[in-house]
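Worksheet: the structure to be examined is printed underneath.
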């Protein structure tokens, strides 16, 4: 969608970048000329992803729930590249469970990854962006951040917090030439999400019926939207939550219930 050299000379970090949406975004940014550092917990996945992405990609093994590790990631990338131009907070944790059955450990795990992890990475990298004169941050959320949805109280609460963080920092850091946006993809077929959220054909078809366009998004569509929001072509866009879900959110909070029934 964007010219080939849109990100030439720029370096950025993508958390959860070895698989799924994060990998799709990394692949598109590398194609557009960026140097990308993908970061997550599983080195095996990271190595395989870097092999596919090529010489402009590297990896860092860490857990987003560890603030010190986020600081180490930011310091290493800045030391190697001189600056950090963009950050994609994509690392996430989610599973479908009735709220009354959700354990404290389950709640803390998702809040720790999605909300705390996003802040730890944003804080460590944002301070360096301020020092170097700017940058662009993109937070991957979900449409239920504002509608809510049965079965995902932990994830919805965390994503809503990330949305509030996005808007707050967009205002607070605008004077530092830092843009902060969010993107809410609808259902996308990725190995991890498919197993956890729509594990059989009946559930998948029920979810599809909640989408006015009657299909799931492709990774390419999501990656194109992310690349635009991170690029200079979106230089006047900040504090925005870009929804790419085929109109699903217009059905309201009950779409998961309807998906299960249908």
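All of the numbers you see were taken from the coordinates with simple rules; none came from a lab. Quick caveat: nothing in here was measured; it's all calculated off a predicted structure. Note that we place each Cβ from the backbone using ideal geometry, even for glycine, and neighbour counts take in every protein chain shown.
Under a GNM of the chain (C-alpha, springs under 10 Å), which listed residue has the highest mean-square fluctuation: 184, 91, 75?
In this elastic network of the chain, the residue with the biggest mean-square fluctuation among 184, 91, 75 is 75.
Round to the nearest 0.05 the FRET efficiency obtained for residue 97 and residue 164 when R0 = 25 Å and r is the Cβ-Cβ distance.
E between residue 97 and residue 164, to the nearest 0.05, is 0.60.
Using only helices, what value at 222 nm comes out for the chain when you add -39,500 (n - 2.57) per DSSP H run of length 4 or more and divide by the total residues, to the nearest 500 deg cm²/dmol?
The per-residue figure over the chain is -14000 deg cm²/dmol.
Expressed as an acute angle from 0 to 90° and rounded to the nearest 10, what is the orientation of the C-alpha long axis of helix 219-230 relative to the principal long axis of the chain?
Approximately 50 degrees, to the nearest 10.
Note the angle between two axes, namely the Cα long axis of helix 67-81 and the longest principal axis of the Cα atoms of the chain, as a number of degrees from 0 to 90, rounded to the nearest 10.
For 67-81 against the chain, the angle is about 50 degrees.
Would you mind putting 152-160, 3-11 in packing order, based on average other-beta-carbon counts within 10 Å, highest first?
Most protected by this proxy first, the peptides run 152-160, 3-11.
Would you mind getting the Kirkwood hydrodynamic radius of segment 4-79 from its Cα pairs, rounded to one decimal in Å?
12.2
Roughly how tilted is helix 43-53, in degrees to the nearest 10 and between 0 and 90, from the longest Cα axis of the chain?
The angle comes out near 70 degrees.
Below 8 Å between Cα atoms, with a sequence gap of 6+, how large is the relative contact order for the chain in percent?
Relative contact order for the chain comes out at 20 percent.
Give the percent of DSSP beta bridges with both residues in segment 11-261 that are antiparallel, rounded to the nearest 5.
Taking every DSSP beta bridge with both residues in segment 11-261, the antiparallel ones total about 0 percent.
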